[in-house]
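A short worksheet on the structure shown next.
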Amino acid sequence: MLEETFRLNRLAAVSGLCLMIAAIPALGAKQTFDGVYYGEKVLTKGSVSGICPAKDHVSAIIHGETLTFTDRTVQKFTEPFYPDPDGSFGETYTGEGGITVQYHSRIVGDVMDADVNNSAIAPCEYHWHLKKKNRARPSA
């Protein structure tokens, strides 16, 4: 009986060790979204005007826990970036004078899709479709 208990304890210890070794790579495999994303935003709600163009180029830079976006009307606007494990994230920014920028986004692979409402310039809503650009490494 005692011998059987030792055998089961050894078996449990070896099984636990195998599970720990298998989990180690997953612990270091934190997904990183860092990079530069370029693409286009398309008006989905609002009237086309000089303030609300039908289409415009947009870029977003993600570095650590910050996201900075730039388009024709907003330059280098920085927000906190805390994505969920599935790549979804969002933020509502309220500034002086009741300015509100609200976005709901998701990154899958190297593509970011976002729905953005920006009351700072006009009641315009946009859909962004951006693709991460990989920088070429300098030749040695």
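Rule-based calculations on the coordinates, nothing more; no lab input. Because the structure is predicted, anything quoted here is derived from the model rather than measured.
Things worth noting here:
- Radius of gyration, Dmax [the stretch 35-133; alpha carbons; angstrom]: 12.7, 38
- Cross-link reach list, lysines versus K55, counting only Cα pairs under 28 Å and skipping chain neighbours closer than eight places: K41, K45, K76, K131, K132, K133
- Relative contact order computed over the stretch 35-133 (Cα-Cα under 8 Å; 6+ residues apart), in percent: 30 percent
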